[in-house]
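Step one of this worksheet: look at the structure below.
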Amino acid sequence: MGTASSSAPHHGNTLTGIGLKVASVAIFVGMSACIKLAGELPAGEIVLFRSFFATLPVVGLLALRRELGTALVTKHPISHIMRGLVGVTSMGLGFFALTRLPLPEAIALSYAQPLLVVAFSALFLGETIRIYRWSAVVIGLIGVLIVSWPKLTLFGEGAGFSDREALGVAAALVAASISAVALLLVRRLVQTEKSATIVLWFSLSAGVVALLTMPFGWKVPNRDQLTLLMLAGICGGFAQILMTEAYRHAEASTVAPFEYASMLLGIIAGYFLFAELPTIHTLVGGTIVIGAGIFIVWRERRLGLERSSRAKAATTPQ
């Protein structure tokens, strides 16, 4: 983690940003696996453990670098608070959706987030979104639908759309939208703030909000659950740092589609940890998602080479 730059991300760092994003997604999948292995616990309780233990890797690194005393120093406390509230609200709505919808629907709806990030980046950050990137994101979403469609019970025979399910769908979509806004706030914060500062402020604000849910009923975790929740929090801290760094190195609309990698990594984790075998729809859809991601990497690399060639030609004496 270096000091933040006040300039926009350099195009030459695009592949670095993508790599950091994929790494963060992989660790987030590990975090999710730990939470799933821990069994059913109140959402607020999970958020608190995740938030508290997420600070440990950040605090440890800052202590080694002797920067702990200035970790929370910021000129933009309101922006950090807004990012924290937005992030916690998104997580809360996501958990609410899980209580109202079957898991496949909730997962499928959550994948609207990367597409929303692309759209919001164009609308609010003024980023230039090329037709190739738009196409790759849409194709990626099609791949996600191929994976999820056979299990979308809302569209199955005899399936009804009750008020309970309607609330779940609404919550999932709002959660995806709010999560996209949270990522854009991170994108702005990295221009002036250290990654550690962003992560610590978010973890503290999330922990405070989570504590407010205690009156709604918490459970005392057993030893195994406690260990898994601690691991989940530590993984969340590392993943949060990597994600923040990813948005420091590349445009939000470039790295956002790689959130789809979580589906593929989730398949691997599901097979080895929960003996869940992928279906033909999962394999076909997953291949499409991978293809879309590889295309974005190839396209950005090609554009980077073209820009370098033009810059070199412009500086060459005639």
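The values are calculated or read from the model by the stated rules, or taken from the named source; none is laboratory data. Just so it is clear, the model here is predicted, and its values are computed rather than measured. Note that we place each Cβ from the backbone using ideal geometry, even for glycine, and neighbour counts take in every protein chain shown.
Observations, loosely collected:
- Meets criteria (surrounded by fewer than 23 Cβ atoms within 10 Å (Cβ to Cβ), small (Gly, Ala, Ser) and in contact with a helix residue (DSSP H, G or I) (Cβ under 9 Å, 6 or more places away or on another chain)) for Gly266: yes
- In the set (1) under 22 Å from Ser262 (Cα atoms); (2) out of contact with any Gly (no Cβ under 9 Å at 6 or more places or on another chain); (3) at pLDDT 85 or above; (4) surrounded by fewer than 23 Cβ atoms within 10 Å (Cβ to Cβ), the condition left unmet by Gly233 is number (4).
- Criterion (surrounded by 21 or more Cβ atoms within 10 Å (Cβ to Cβ) and not aliphatic (A, V, I, L, M)) met by exactly one of Gly69, Gly84, Gly60: Gly84
- Matching residues, region 172-205, being touching a helix residue (DSSP H, G or I) at 6+ places or on another chain (Cβ under 6 Å), over 13 Å from Val58 (Cβ atoms) and either outside any helix (DSSP H, G or I) or β-branched (Val, Ile, Thr) (or both): Val174, Ile178, Val181, Val186, Val190
- Restricting region 67-93 to residues that are farther than 19 Å from Glu193 by Cβ and of a type outside the set (A, V, I, L, M, F, W, C), the residue that is modelled with the lowest pLDDT is Gly92.
- Tyr271 vs. criteria of a type in the set (Ser, Thr, Tyr) and under 15 Å from the mean Cα position of the chain (by Cα): no
- Those residues of region 186-203 which are at pLDDT 80 or above and buried (at least 18 other Cβ atoms within 10 Å of the Cβ), in sequence order: Val186, Leu189, Glu193, Thr197, Ile198, Leu200, Trp201, Phe202, Ser203
- Considering region 1-41, and only residues there that are more than 19 Å from the chain's Cα centre (by Cα) and at pLDDT 75 or above, the residue that is surrounded by the fewest Cβ atoms within 10 Å (Cβ to Cβ) turns out to be Glu40.
- Note on region 164-185: among residues that are of a type in the set (Gly, Ala, Ser), over 17 Å from the mean Cα position of the chain (by Cα) and surrounded by fewer than 22 Cβ atoms within 10 Å (Cβ to Cβ), the one that is nearest to Tyr247 (Cα to Cα) is Ala170.
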